[in-house]
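Notes follow the structure.
The values are calculated or read from the model by the stated rules, or taken from the named source; none is laboratory data. Just so it is clear, the model here is predicted, and its values are computed rather than measured. FYI the Cβ positions are ideal-geometry reconstructions off the backbone, even for glycines, and counts take in every protein chain you see.
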Amino acid sequence: MEIAKAVNEKRGIGIDIGGTNIAIGLFSPEGDILDSTTIATNANAPFKEVEKGLFLAVDTLLGSNIELLGIGIGCTGPLDTNQGVIHNPYTLPGWGAVPIREIFQKRYNCNVQLENDANCALLGEVFARRGEESVRNALMLTFGTGVGGAVLINGQLFKSDTFGHPEFGHILVALGGEECYCGEAGCLESVASDSALSKKAKLLGFYDFHDLVKKGGLLTKGEAIVEEWSTAVSRALWTFAHIFSPSLVLFTGGVVESLFEIAKPRIIKNMERGHFYGDFTLERSILGIDAGVVGAATLILL
Ligand SMILES: [Zn+2]
């Protein structure tokens, strides 16, 4: 009698660790997301307390009879990606130093990779556009509580051993502008982040920037906010375009949903004054909040 043999299906896991939530996805070897779940980050708790829930979420997604190809982890920095250690006292204050690669390797006995979350988001978007030549030289700006970003040059992530990834939020765009926590004043982040926009919306009598959008005030009371955002972002892109000469520029983040279509023609118009940078296509993210987890999976699948 022939005994039915369980088929070991090959799967990968992608994990995207943010300051509030951790997204976990199950992937086919080709990078298609098959299932996903989210747990709370508990940024103020010790990592030991978070670890249990994280393992349970991964185990549940994997089920049985799975051949695990690897685990890719994207995380809000600072990180030591070479050593696979998270050390982020800013947005993960309770966690301490977490040797996450070693922890996952010990438990799952597979290839584990750690990368900055903005880098993962760009890798995810590039994966979603695979086959397009322009993605070999792509730049992404993420507009959230802060402003971050990532760059791919000839298909390779731009990063250094010591700093991990570029801090685009602290490019200077407004001389004499608002003071920033980094020690400078007039940084892109202090003008163009979600927090900066909400500060300005409050001055106009709205609860925050999203309240201004919801009440339809973007092109009336909020016109100056839109113009200032477009100008600040144009100035930052002016700098980036002249350094990196990207073919594709991507915007992602909550405020982009409201501002992109209105700001895009203003930004393009500002950029068209320049003679030295090559043309680039300006697009918004395709994957939205899933970009990070997809990009994390590509670390071990591709
Ligand atoms: Zn700054």
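Look at region 97-113: where a residue is assigned by TED's automatic domain parsing to the domain that holds Cys75 and a partner is loosely packed, with under 15 Cβ neighbours inside 10 Å, sitting 6+ places away or on another chain with Cβ atoms under 8 Å, you get Pro99/Gln83; Arg101/Gln83; Arg107/Phe55.
Starting from residues that are in a helix (DSSP H, G or I) and β-branched (Val, Ile, Thr), keep the ones in region 281-302 and report whichever is surrounded by the fewest Cβ atoms within 10 Å (Cβ to Cβ).
Here the answer is Ile289.
Taking residues in region 23-49 that are in contact (Cβ under 8 Å) with a residue 40 or more places away in the chain and more than 13 Å from Ala297 (Cα to Cα), and partners anywhere that are β-branched (Val, Ile, Thr) and surrounded by fewer than 16 Cβ atoms within 10 Å (Cβ to Cβ), the pairs with Cβ atoms closer than 8 Å and at least 6 places apart or on different chains are Thr41/Thr20; Ala43/Thr20.
Can you go through Val294, Val255 and tell me which one is under 23 Å from Asp208 (Cα atoms), touching a residue at least 60 places away in the same chain (Cβ under 8 Å) and in contact with a Gly (Cβ under 9 Å, 6 or more places away or on another chain)?
On the way: Val294 fails: under 23 Å from Asp208 (Cα atoms).
Among Val294, Val255, only Val255 is under 23 Å from Asp208 (Cα atoms), touching a residue at least 60 places away in the same chain (Cβ under 8 Å) and in contact with a Gly (Cβ under 9 Å, 6 or more places away or on another chain).
Just give me the residues in region 221-273 being part of a helix (DSSP H, G or I) and of a type in the set (Asp, Glu), in sequence order. Lay out the reasoning, then the answer.
Of region 221-273, the ones part of a helix (DSSP H, G or I) are 223-244, 254-271.
The answer is Glu223, Glu227, Glu228, Glu257, Glu261.
Report, by residue number, each residue of region 23-48 that is closer than 16 Å to Cys75 by Cβ and part of a strand (DSSP E or B). Once the filter is applied, which keeps residues that are closer than 16 Å to Cys75 by Cβ and part of a strand (DSSP E or B), region 23-48 yields Ala23, Ile24, Gly25, Thr38, Ile39, Ala40. The single condition from (1) surrounded by fewer than 21 Cβ atoms within 10 Å (Cβ to Cβ); (2) part of a strand (DSSP E or B) that Gly12 fails is (1).
Examine region 149-164 for a residue that is in contact (Cβ under 8 Å) with a residue 12 or more places away in the chain, in the same structural domain as Ile267 (by TED's automatic domain parsing) and either within 16 Å of the ligand (Cβ to nearest atom) or among the acidic types (Asp, Glu) (or both), and state whether such a residue exists. Can you show your working first?
Filtering region 149-164 for residues in contact (Cβ under 8 Å) with a residue 12 or more places away in the chain gives 149-155, 157-159, 161, 164.
Narrowing the set further to residues that are in the same structural domain as Ile267 (by TED's automatic domain parsing) leaves 149-155, 157-159, 161, 164.
Right, trim to either within 16 Å of the ligand (Cβ to nearest atom) or among the acidic types (Asp, Glu) (or both) and you get 149, 161.
Among the residues of region 149-164, at least one is in contact (Cβ under 8 Å) with a residue 12 or more places away in the chain, in the same structural domain as Ile267 (by TED's automatic domain parsing) and either within 16 Å of the ligand (Cβ to nearest atom) or among the acidic types (Asp, Glu) (or both), which makes the answer yes.
Of all the numbered requirements in (1) in contact with a Gly (Cβ under 9 Å, 6 or more places away or on another chain); (2) more than 20 Å from His170 (Cβ to Cβ); (3) not aliphatic (A, V, I, L, M), Gly222 misses one, and that requirement is (1). For region 176-220, residues that are within 14 Å of the ligand (Cβ to nearest atom) and outside any loop (DSSP other than H, G, I, E, B) total 10. Among residues of region 179-191 that are in contact (Cβ under 8 Å) with a residue 24 or more places away in the chain and β-branched (Val, Ile, Thr), those with a beta-carbon under 7 Å from a residue that is more than 8 Å from the ligand (Cβ to nearest atom) and in a helix (DSSP H, G or I) at least six positions away or on a different chain give the pairs Val191/Glu228; Val191/Ala232.
Does region 125-135 include one or more residues that are closer than 24 Å to Asp194 by Cα, surrounded by 14 or more Cβ atoms within 10 Å (Cβ to Cβ) and outside the structural domain of Leu68 (by TED's automatic domain parsing)?
yes
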